[in-house]
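The values are calculated or read from the model by the stated rules, or taken from the named source; none is laboratory data. A quick note: this is a predicted structure, and the numbers were derived from the prediction, not measured. Neighbour counts run over all protein chains shown; Cβ positions are idealised from the backbone, glycine included.
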Amino acid sequence: MEEKLIDKLLLIGKSVPSLLIGTLISIELALAFLGFGFVVGIPLAVGEVYGNKFVKYLTVLPIVEFFRSIPALVLLFLFYFGASSLNLNFSPFIAALLAMGFRSAAYQSQIFRGAIQSIDVGQMLAARSIGMSKFKAIRYIILPQALRISIPSWSNEYASVLKDTSLVYALGITELMRQGRYIVARTFGNAILVYVVCALIYFLVVHFGVKLLDFLEERYKIPGYEIKKVTTRA
Amino acid sequence: MAQTILKVEDIHKSYGKTEVIKGVSFKVKKGETKVIIGPSGTGKSTLLRCINQLDYLDKGRVWLEDVEISKSPIDINQIRASIGFVFQSFNLFTHLTALDNVRIGPMRVKGMKEKEATKIALEELKRVGLEDKKDHYPAQLSGGQQQRVSIARALSMNPKLILFDEPTSALDPELIGEVLEVMSKLAKEGVTMIVVSHEMGFAHSVANDIIFMDGGIILEEGPPQQIFKNPKHERTAKFLSKITQLEGEKAK
């Protein structure tokens, strides 16, 4: 019995390096997906709010609807196998980046759109009244406020995207989940143990990421416009 | 004969089928303070918005000095940069301090260096008596202080004229005075202003010229003595007596 426990501990000890390498890959993937989603999501949101009908109905909304309505795993396969059937040779990483990046862009665009629309129209009027172009008003007045408001909902998106990186193991990328699978396959009867360790790692990464975002929210809060803390029992 | 800064000719504006402004014309001379009074819903605020094209006009022409600004193509951003606008609800940029609110125009619209823009911004904050509040965010200021910062924001662009859209209507009674004081001071300094207001005391003592609007047209225009003492129209007299009566009741 004791020997068995020691065996298990040894297994965990031996697994840690490869699991950590997998964790690093997972974090890199999440940052890539979120970064892509941010860079594409902002123009989508701005286009939806301020664009003309053509931009809104023929560009933004179709993209958003497409990527929100199809399961992530299906998107991954569509981009990976779809590309090769079109004779495009996407590496698994590029296919994953496009599928998961656009997917996150679709979700992020709706976070930012909501934030932009919650800003008083007087802010835009005042910016235009001192001679700012629409672009400058969005860049210097609207987005700085909208991004601050977005942080709490964005931390949700961060948690989702990080956890969804586990899906790309289906394309053969050796992130945390796939490293875990390797260990399970190499040894015998350790599935639960390995996956519990994986779960713990995901939990910690999400937890500390959310804490970091909480810190940013506090750091960049606008006096008088903080997310209201409920202080009474009412 | 002072130079004409703004000329408005036969402005019309409709929202849907309702015509709000039905042909308004007037001129503003350099250094003049023109106060527009009249009952609610007669298109006074709309008129101001049409002048700097925060709202499109349906018909009519507007000149700023010698340039017709209602004609396209025109760089409307450049025009707006030289016409200040003070809103009823202040509309200070909530994520910026008082100083940043005032210097963002010179920096981002005029392309000034930060140092130069800061110098101008501090001067304008001093002009409205709020130099010591420069690091406060809008939400940390009283309504009156916010409105004074927004006046400084308009002044920092060194505008040819400033449009005031009911600048004291959103303020608590005890805060109205400090804003009107700043505006009176600016009028004395020769800042050209068009003020839509219900403050009859201010209109009486500061305006060079008063426009009475009703039903989307200018019913009467003239110096305060004439409008308040000998209004030509019965409608004007009625409006003024009602307002003074209200103010009298408030005083009680």
Exercise. Can you find even one residue in region B:33-40 that is in contact with a strand residue (DSSP E or B) (Cβ under 7 Å, 6 or more places away or on another chain), at pLDDT 95 or above and not hydrophobic (A, V, I, L, M, F, W, C)?
Worked result: yes
Problem set entry | The one condition in (1) surrounded by fewer than 20 Cβ atoms within 10 Å (Cβ to Cβ); (2) modelled with pLDDT under 95 that B:K7 fails to fulfil | (2)
For this session: Check region B:206-215 and report whether any residue there is loosely packed, with under 13 Cβ neighbours inside 10 Å and part of a helix (DSSP H, G or I).
Result: no
For this session: Test A:Y80 against the stated conditions and say whether it is under 21 Å from A:R181 (Cβ atoms) and in contact with a helix residue (DSSP H, G or I) (Cβ under 8 Å, 6 or more places away or on another chain).
Result: yes
Seminar exercise, completed: Within region A:194-224, residues closer than 11 Å to A:I151 by Cβ, without any contact (Cβ under 8 Å) to a residue 60 or more places away in the chain and touching a helix residue (DSSP H, G or I) at 6+ places or on another chain (Cβ under 8 Å) come out as A:V210, A:D214
For this session: Restrict the check to region B:80-87 and report whether at least one residue is of a type outside the set (K, R), away from chain A (no Cβ under 13 Å) and under 17 Å from B:M157 (Cα atoms).
Result: no
Exercise. Quick one: which of B:L125, B:L155 is more than 23 Å from B:I5 (Cα to Cα) and more than 8 Å from every other protein chain (Cβ to nearest Cβ)?
Worked result: B:L125
Seminar exercise, completed: B:T118 fails exactly one of (1) free of Cβ contacts under 8 Å to residues at least 60 places away in the same chain; (2) within 13 Å of chain A (Cβ to nearest Cβ), namely (2)
For this session: Could you list all residues from region A:159-186 that are touching a Lys or Arg at 6+ places or on another chain (Cβ under 9 Å) and not in a helix (DSSP H, G or I)?
Result: A:G172
Exercise. Are any residues in region A:51-79 under 16 Å from A:V168 (Cα atoms), assigned to a helix (DSSP H, G or I) and free of Cβ contacts under 8 Å to residues at least 24 places away in the same chain, and if so, which ones?
Worked result: A:V74, A:L78, A:F79
For this session: Filter the helices (runs of 4 or more DSSP H) completely within region B:55-157 down to those with at least 1 residues that are at pLDDT below 95 and surrounded by fewer than 22 Cβ atoms within 10 Å (Cβ to Cβ).
Result: B:76-81
Problem set entry | Flag if A:S118 is surrounded by fewer than 19 Cβ atoms within 10 Å (Cβ to Cβ) and polar (S, T, N, Q) | yes
For this session: Would you check which residues across region A:115-133 are of a type outside the set (A, V, I, L, M) and over 14 Å from B:N52 (Cα atoms) and list them?
Result: A:Q117, A:S118, A:D120, A:G122, A:Q123
Seminar exercise, completed: If we keep only residues of region A:124-135 that are crowded, with 18+ Cβ neighbours inside 10 Å and within 7 Å of chain B (Cβ to nearest Cβ), then the residue farthest from B:I79 (Cα to Cα) is A:A126
For this session: Please state which of the following conditions B:I76 fails to meet, knowing it meets all the rest: (1) under 20 Å from B:I5 (Cβ atoms); (2) touching a helix residue (DSSP H, G or I) at 6+ places or on another chain (Cβ under 6 Å); (3) more than 8 Å from chain A (Cβ to nearest Cβ); (4) not hydroxyl-bearing (S, T, Y).
Result: (2)
